[in-house]
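What follows is a short report on a single structure.
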Amino acid sequence: AQEKKIFMVQGPYPIIRRLLRARGWVERKLPDTGRRLEQHRGHQNKQQPETGQSNGKKEEEQCDDNPNGIHDLMSYLVRDRLPNFIWTNFLEATDRQLLQQDNVVNHYSRVDAFTTKEGLCLSLQNLPWIEQADPNTFFPRCYRLGNMDEREAFIDDFRLTAARSLLKLAVEEAGDMSVRTEQVPNSAKRAGESHTSHPKHSTVWPGCPLYPELVEEALEVCKQHLSVLQHQDIDRSTPSPCRTCIDWDYFLQEYYRVAHEGAELVLTRQQRKQCQNLLQRLAEQLPQLDMEGKFNVWILKPGAESQGRGIICTTRLEEALQLAWTCTAPSVQMGRWVVQKYVERLLTIFGTKFDIRQWFLVTDWKPLTVWFYQDCYLRFCSWPFSLCHLERARHLCNVSVQKCYKTSPDQDPRVPPDKIWSNKQFQEYLAQMGQADAWHQLLVPGMKAAILNTLRSAQDRVGFRKGSFELYGADFLVGEDLQPWLLEINSCPTMSPSSAVTRRLCANVQRDTLRLVLDRKENPTCSIGAFELIYKE
């Protein structure tokens, strides 16, 4: 039996090492040269994992005791044996000679089809051809800027979103934006005409009110778009409306003034009613109309990076297009960027943005077999949420980003100092808000559906390997209506604890993963902890 219990660990996983040794497994250790090669390959690989590399001695110290050097001795005796079980940061770091047909590895190949931002974007675009599911109901719309067709589609989307946002600003009462609704006198209409008839020759001051013509243009554009949406099932080749029907450069500049610079809108009561009616009809066709908000914020991401590297929020079309070609990030090829609609109408806790890290495990792709982990955790930002300020400290919840920032003096003191909550703490908060059932009735079912639809969309592109498995970390935002929105899926999610909560949960998910992929083979009734089978083809 001992012949079949040799394992190899590459990367900072002292808990995996300890748990396997406790089961009677013997480690085949990497030589120092192998460890350096592993670090080099990890640095070069574009699909960077969340886990960092750690010093071998420090990792050993975190492990269990090594009485009389017994583990070292056993490792020496199996130094020339092939491992039966390999746990590694990523598959590319593993010597191909070690990968035999019958050994178990914690990764599949070609998972970049859904674990990179670029791959996820492409896979979910194809989802409607594979499943009767609409990615727009769980994944904020996303475009690959290196693809010219998608770049043009993004430009169209940005413009149309600006037009819808203007309608929203037009119907709101005075709030964040000062919007004045009144019957416009003839003299004002004439002033408005002189202001807008020849926009390229007019002088516009930041405090000037904007008269009804701007709203009329937004109404016309949105009406044409609604017509396209209502007939898209009949003719999917219908072009996007109004690419040239208005002066878009001028329209966007005026929209920026209203949305971001405090300019006032002046419109008629009839226009206000038209805006309300049209938005209601658009909501029936656009699942993201509510969450997209009114500021037209987009988030620009390197297509194959992790840990928040290179991510930027922007509200200007020209800035987004320029950034995609001028910004550089480690290991990112020029043009390999995605741009995604920012979820503006999101749930905050104590005025602070958070996201959810949710684990799931795939133990087979043929048939697809998926296990959902029933414990997860929330990650908070360091600064209060604001759409008027787009700093990373307010908008990127990644632990690797937030550790670079000190907590803002304006932050609500109830936000946890380590910026982490367990899902149990979140459920208690929801109960206090009068939403005790939201976790089990809305959030968990929504996350499960998003994960399954994503896996189905990429299933044919993943490299299948019998007997292997992979643990993933999906990141979700929560909308104001408590709907989860999938942001990304990480292969090799970090197991390095940043708080008491993650120290407990990361240890538990590693323990339960080994129970599921090893112990269950010998004892089908053994405990699998917090894992729940949610799908098997």
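Set the Förster radius R0 to 45 Å, insert the Cβ-Cβ distance between Glu522 and Gln425 as r into 1/(1 + (r/R0)^6), and round the FRET efficiency to 0.05.
Efficiency, rounded to the nearest 0.05: 0.80.
Multiplying the sequence separation of Asp460 and Arg23 by 0.36 nm and subtracting their Cα-Cα distance, what value in nm do you get?
Stretched fully, the Asp460-Arg23 segment lengthens by 153.8 nm.
At what distance in nm do the modelled label points of Asp418 and Lys273 sit from each other, each positioned 7 Å from its Cα along Cα→Cβ?
Placing both labels 7 Å beyond Cα along the Cβ direction yields 5.9 nm.
Among 395-402, 529-536, 457-464, how do they line up by average Cβ neighbours within 10 Å per residue, starting with the highest?
395-402, 457-464, 529-536
Averaging over all projection directions, find the projected area of the Cα convex hull of segment 423-523 and quote it in nm² with one decimal place.
On the way: hull surface 33.5 nm².
So the Cα hull casts an average projection of 8.4 nm².
Within segment 399-430, find all residues whose amide N lies under 19 Å from a label point positioned 7 Å from the Cα of Ser386 along Cα-to-beta-carbon.
Backbone N within reach: 402, 405-415.
Over 27 Å between Cα atoms, which of Lys341/Lys466; Lys366/Lys448; Lys419/Lys536; Lys4/Lys117; Lys294/Lys406 qualify?
Lys341/Lys466; Lys419/Lys536; Lys4/Lys117; Lys294/Lys406
Taking 0.36 nm per residue of separation and subtracting the Cα-Cα distance, what length does fully extending Ile534 through Lys5 add?
187.5 nm
Report the extension gain between Thr137 and Ser400 in nm, rounded to one decimal, defined as 0.36 nm multiplied by the number of residues separating them, less their alpha carbon distance.
This chain segment gains 91.8 nm when fully extended.
At Ile130 and Ala153, where each label point lies 7 Å from the Cα along Cα→Cβ, what is the point-to-point distance in nanometres?
Modelled inter-label distance: 1.5 nm.
Can you give me the C-alpha center-to-center distance between segment 345-383 and segment 415-492, rounded to a whole angstrom?
Centre-to-centre (Cα) distance: 3 Å.
Please give, to one decimal in nm, the separation of the simple spin-label points placed at Glu284 and Glu264, each 7 Å out from Cα toward the Cβ.
Placing both labels 7 Å along Cα→Cβ, they lie 3.6 nm apart.
Only the coordinates and a few stated rules stand behind these numbers; no lab work does. These numbers come from a predicted model, not from an experiment. Using ideal geometry, Cβ is built from the backbone for each residue, glycine included, and neighbour counts are taken over all protein chains shown.
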